[in-house]
1. Taking segment 461-488 as the region of interest, how many residues are open to solvent by 20 Å² or more (accessible area, probe 1.4 Å), free of Cβ contacts under 8 Å to residues at least 40 places away in the same chain and either in a helix (DSSP H, G or I) or under 30 Å from Glu515 (Cα atoms) (or both)?
2. May I ask you to say which residue of Trp564, Trp512, Trp559 is touching a His at 6+ places or on another chain (Cβ under 6 Å) and either of a type in the set (A, V, I, L, M, F, W, C) or in a loop (DSSP other than H, G, I, E, B) (or both)?
3. For the structure I just gave you, tell me whether Phe252 is more than 26 Å from the chain's Cα centre (by Cα) and over 19 Å from Cys422 (Cα atoms).
4. Quick one: how many residues across segment 371-403 are assigned to a loop (DSSP other than H, G, I, E, B) and at negative phi?
5. Quick check on my filter: what residues within segment 108-126 are open to solvent by less than 40 Å² (accessible area, probe 1.4 Å) and either assigned to a loop (DSSP other than H, G, I, E, B) or of a type outside the set (Phe, Trp, Tyr) (or both)?
6. Which of (1) assigned to a loop (DSSP other than H, G, I, E, B); (2) open to solvent by less than 40 Å² (accessible area, probe 1.4 Å) is the odd one out, the single condition Ile419 does not satisfy?
7. Quick check on my filter: what residues within segment 292-317 are more than 24 Å from the chain's Cα centre (by Cα), of a type outside the set (Ser, Thr, Tyr) and open to solvent by less than 30 Å² (accessible area, probe 1.4 Å)?
8. Only one residue in Ser403, Ser425 is under 20 Å from the mean Cα position of the chain (by Cα), crowded, with 19+ Cβ neighbours inside 10 Å and modelled with pLDDT under 90. Which one?
Amino acid sequence: MNESVYEKNTWQWYKDVMRSWLEDPGVEEYGGLNLTSLNMDQAYMIGVSDRNVGVYSVSDDCFRCPFELQKTLEAGVESSFVVSTARRATWRVYEDVSSQYMSAGNTTDLICQLRPELGQFGVYTLNVSGSGCDVRTDKEPVNIYLPLLLVLAVLFGIWILYGLGKLITSRIWRTGKLRYGDKELAIQQRLRALDTFRGIAIVFMIFVNDGAGGYWWLEHATWNGLAAGDLVFPAFLWIMGVCIPLSVKSAFAKGIPRWKILLHILRRSIMMFLLGVSLNTMYGSNMLGELRIFGVLQRLAVAYLVAAGFYALTAPKYYTPPRGACGQAFKDVLSCVWCWALVGVLVAVHTSITFIVHHPDCPAGYLGPGGKHDEWVAPECSGGAAGYIDRLLLGDAHLYQNSDARRLYGGPPTDPEGILGCVTSAVQALLGVQAGATALLQRSHRARASRWLAAALALALAGALLAGCSRDHGLLPINKNLWSMSFVLVTTACSLALLSICYTFTDVWRIWGGEPFRAPGLNAIALYVGHSVCGHLFPFHWRIPHMRTHSVYLIEAVWGTALWVIIAHIMAKKKVFITL
């Protein structure tokens, strides 16, 4: 009998563990509330009050926004409503008030203010009385991070098994053949870290575009701030700049005339831009009057044209560093002196336009998202000078219409890959050119890694100072939508640090071949275009009737990303390398 009870308890324990890993609340109904009707990052709040009150809240994601009405509670009447748990929020309860919005400075009839800790699929009770307010947890929420830990553990295990299997097979079937065939000979002449870095960027970009499991901190910041997903695009743009000195010097070594190099850069930029415009119609309108002009590939094309074109135009075919210790120590920086001059000009132009150009009805230097930001101080000024220039030159219809900032704040559309941001994107590519020049001219491993890390530290400090070491209160907040200079500096610092790590493991210590990221890095453009075209196609993406948990969205995103990684390895194995 005791053994039967023990087995039953053990089985129940396993079931409870599995439920927790799968974000299962354990019951379909609780206190008359249907838990199956809740979606991801939602919970129930039960309101109980001894008087008529209005319950308001504002998310931490909405900077200086007014409090918005969530529910009106009648005295003595218990009522429930659904609340979001994705971001923490500040709550206020006002007596006998039912206005849709309430200013943060309005404390008239304010009963209480609180910041409750809410979790997915939880059930909570808000008690309002003469003595104040409190929030009680009736049913504990699920842990949304257990599925992420499980997926990471599984992927790490697969990576270890793959590495061991590759090591064993290489010892058994060692041959003199090159790994991916004849084309590998040319690839081996460049740093493995570059392809590995690019592969990490494109794989994570696909994962973020596939939803990243619904975790907001793995996607993009709504306006100011830096989330993990914000590091991907600038990393891809920056590594493109790193490769410019290596490719241009290789072309010089082959005897290719400078004008032909410039013509190739122009042709490649045009092809990339047109391909980007075409891909925009996958999820947007294909009406000529509504085509979105700019986008990811278009931003890459403009930055590449400026950085690669200028470097190819100004770089000497045979660089002789100045004599002396200082000349030898700073030869990589001195080789890019004209690029640094261009960086200075671009930063000055961007700063001047940002703080001088503005709509007649908008304040100069405004950097907010418009709408209800700062309690409607500038509702039609979304994006400041950047948004104004895009709407003036391109028109509202040719901009991105469904940004997170517009959904949260309201206001006119602002394109996150607009015209003004191309200026600072070119600066980021030129910073990549400097890192590439370091790889080209500094031959020792220590010199390369130490310079990259020193530059990362300097740029990170400069970016933090510009941002005021805060999300919203600095002179130039970190902002991907505006591609601010603080954003350029901080993301470049992160890219330099990651490249240094990849370089140390792949090229210095040679304990990692860069897999599984190196193969995607060899076909990054092909993977980006492929995943954009197949955005809603099976088997890359699928749906089930009840997709309401992070675990399901995470599995779907990892599945789609893994398929593209496998395709990249097959392409590399078959010696298929697609470039523009």
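The values are calculated or read from the model by the stated rules, or taken from the named source; none is laboratory data. Nothing here was measured: the structure is a model prediction, and the numbers come from that model. Here the Cβ positions follow ideal geometry from the backbone for every residue, glycine too, while neighbour counts run over all protein chains shown. Heads up: the accessible areas ignore ligands, DNA and RNA and are worked out on the full protein's heavy atoms, side chains in. Shrake-Rupley method; radii C 1.70, N 1.55, O 1.52, S 1.80 Å.
1. 5
2. Trp564
3. yes
4. Number of matching residues: 14.
5. Scanning segment 108-126 gives Cys112, Leu114, Pro116, Leu118, Gly119, Gln120, Phe121, Gly122, Val123, Thr125, Leu126.
6. For Ile419, the failing item is (2).
7. Ala308, Gly309, Ala312, Ala315
8. Ser403
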